[in-house]
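The structure under discussion appears below in the form of structure tokens.
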Amino acid sequence: MNPASEPDRLPPPVPAPGYGPVLLKDRPIVGISACCAGCAVRYNGKSLDVLKALGREKMDFIWQPVCPECMAGLGVPRDPVHVVGESGAAVWTGAAEVKGRGGRKVGPQMMEGCRACLDALRRSGTRAFVYMDGSPSCGVYRTTLKDRKRGHPPGVFGSLLFDEGYFLVPAADLQSPVRWWDWKRRLLAFLWLADAPLSTRAELYGVWHRLKFLAQELDDPWARSTGRQLAAISVHPGTPEWDREVRTFRTEMMDRLRRPSRPPRILNSFRKHYGYLRKRTGRPVPQVLPPEEARSWTRLVQEMGALERAAAAEGLLFGASPVLYLGRRRISPEAPEPDPTPSDIPLPEIGGSDDA
Ligand code: SF4
């Protein structure tokens, strides 16, 4: 059949029977500012260990620590450095400088150190990075500027990762169970989508069906418009026009996945998807309170985990977390509860990096 004679109107991207959750078998690899992973590489010889808050879940990822200031040859301990100029991005164009105490210029070394770290991240296959915000090197949305202490532009390494299209997670958000849950589900979806084949209509619609609920939660107007565009797509697979369309879709969807959700949307999503799951299975999930009952964010995250496992065990899509990592036999009705979290956070506020 001549492709040109195919009708332009194609079936909308409704789910084909059998679309279930995506279960990643390979442990995701994530870069991290070394000082956040317990390496004592800060200028004052100190460190943080933000991964401790993840408990056993820490082992569900391969962590690749890097420290651009160490790779610049600045040593530990060292004088703190700051960006003199508009931003760390301007250091790369020569419009800003990095200086230590006493005005010692270290911009060229810093750029070498950043490039060495990026090479290591590429070799390990990372597409995501947990960054120390506020650092003149690793900061992404805040950095240390001379005379202004903290501004909004990225640091020298942060700007490089930003330009490289990394999925960037602020280290502080690993301390909050609900923020981390939100980052993790979007991170897994991002990593899957980055490589998901989109050569046929079935592949495109399969990807959209799995991600559209999350897209609706993150950016409903965009999701609605994209759903309509995909339903009406008239270009043919294998053509340059098709490649252009799917490239745009992939890029825009990955950009949406970088954006944190908000508390009311997470709650709505929980209620909606739990309702769907109950309808499909005909029974409640024992670990989950009735949706209208008050609960803390920490409790909600534990319930979300139970729903993810219950849906996956039934082969059903849980739209709030469409992509899961299969590691350590978590996906079964008998799978253990997640680690107990140390603190119970009251419901109303997530705040912080929602706009990151
Ligand atoms: S913020 Fe980045 S450059 Fe600074 S100590 Fe941590 S890893 Fe090194």
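The values are calculated or read from the model by the stated rules, or taken from the named source; none is laboratory data. Only a predicted model underlies this, so the values are computations on that prediction, with no experimental measurement involved. Note that we place each Cβ from the backbone using ideal geometry, even for glycine, and neighbour counts take in every protein chain shown.
Assuming residue 301 fulfils every condition listed in (1) surrounded by 15 or more Cβ atoms within 10 Å (Cβ to Cβ); (2) modelled with pLDDT of 90 or more; (3) aliphatic (A, V, I, L, M); (4) assigned to a loop (DSSP other than H, G, I, E, B) apart from one, which condition is it?
(4)
Here is a list: 32, 62. Which entry is of a type in the set (A, V, I, L, M), within 9 Å of the ligand (Cβ to nearest atom) and in contact with a strand residue (DSSP E or B) (Cβ under 8 Å, 6 or more places away or on another chain)?
32
For residue 189, indicate whether it is buried (at least 18 other Cβ atoms within 10 Å of the Cβ), assigned to a helix (DSSP H, G or I) and at pLDDT 95 or above.
When the stated conditions are applied, residue 189 passes them.
Every residue, every condition in (1) more than 30 Å from residue 294 (Cβ to Cβ); (2) in contact (Cβ under 8 Å) with a residue 40 or more places away in the chain; (3) not small (Gly, Ala, Ser), yes or no:
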residue	(1), (2), (3)
202	yes, yes, no
205	yes, yes, yes
216	no, no, yes
236	yes, yes, yes
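Conditions tested, residue by residue: (1) closer than 24 Å to residue 316 by Cβ; (2) in the same structural domain as residue 169 (by TED's automatic domain parsing); (3) not aromatic (Phe, Trp, Tyr).
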| position | (1), (2), (3) |
| --- | --- |
| 192 | yes, no, no |
| 209 | yes, no, yes |
| 225 | no, no, yes |
| 234 | no, no, yes |
| 259 | no, no, yes |
| 269 | yes, no, yes |
| 273 | yes, no, yes |
| 277 | yes, no, yes |
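Can you name the residue in the range 82-107 that is among the β-branched types (Val, Ile, Thr) and touching a residue at least 60 places away in the same chain (Cβ under 8 Å) and is also surrounded by the fewest Cβ atoms within 10 Å (Cβ to Cβ) among such residues?
This residue is 84.
Only residues in the range 261-273 that are farther than 13 Å from residue 294 by Cα count as the first member; pair them with residues that are modelled with pLDDT under 90 and not in a helix (DSSP H, G or I), Cβ under 6 angstrom, at least 6 apart or cross-chain, and list the lot.
263/350
What about residue 102, is it modelled with pLDDT under 95 and at positive phi?
Values: modelled with pLDDT under 95: yes; at positive phi: yes.
Yes: the conditions hold for residue 102.
Can you tell me how many residues within the range 218-229 are surrounded by 15 or more Cβ atoms within 10 Å (Cβ to Cβ) and free of Cβ contacts under 8 Å to residues at least 60 places away in the same chain?
Just the residues of the range 218-229 that are surrounded by 15 or more Cβ atoms within 10 Å (Cβ to Cβ), to begin with: 218-219, 222-223, 226-227.
When the remaining residues are screened for being free of Cβ contacts under 8 Å to residues at least 60 places away in the same chain, the result is 218-219, 222-223, 226.
Counting residues in the range 218-229 that are surrounded by 15 or more Cβ atoms within 10 Å (Cβ to Cβ) and free of Cβ contacts under 8 Å to residues at least 60 places away in the same chain gives 5.
Please work out which one of (1) crowded, with 20+ Cβ neighbours inside 10 Å; (2) part of a loop (DSSP other than H, G, I, E, B); (3) at pLDDT below 95 is the condition residue 206 fails and give its number.
With respect to (1) crowded, with 20+ Cβ neighbours inside 10 Å; (2) part of a loop (DSSP other than H, G, I, E, B); (3) at pLDDT below 95, residue 206 is out only on (2).
Looking at the range 129-139 only, could you name the residues that are at pLDDT 90 or above and either surrounded by fewer than 24 Cβ atoms within 10 Å (Cβ to Cβ) or near the ligand (Cβ under 10 Å from one of its atoms) (or both)?
131, 132, 135, 136, 137, 138, 139
Could you list, in sequence order, the residues of the range 43-59 that are more than 12 Å from the ligand (Cβ to nearest atom) and on the phi > 0 side of the Ramachandran plot? Even if it seems obvious, please write down each step before you answer.
Of the residues in the range 43-59, the ones more than 12 Å from the ligand (Cβ to nearest atom) are 49, 51-59.
Matches in the range 43-59: 55 only.
For residues that are touching a helix residue (DSSP H, G or I) at 6+ places or on another chain (Cβ under 7 Å) and part of a helix (DSSP H, G or I), scanning just the range 71-91, find the one that is nearest to the ligand (Cβ to nearest atom).
Across the range 71-91, the extreme among qualifying residues is 71.
When only residues in the range 62-79 that are in contact (Cβ under 8 Å) with a residue 40 or more places away in the chain and not hydrophobic (A, V, I, L, M, F, W, C) count, which is surrounded by the most Cβ atoms within 10 Å (Cβ to Cβ)?
Result: 69.
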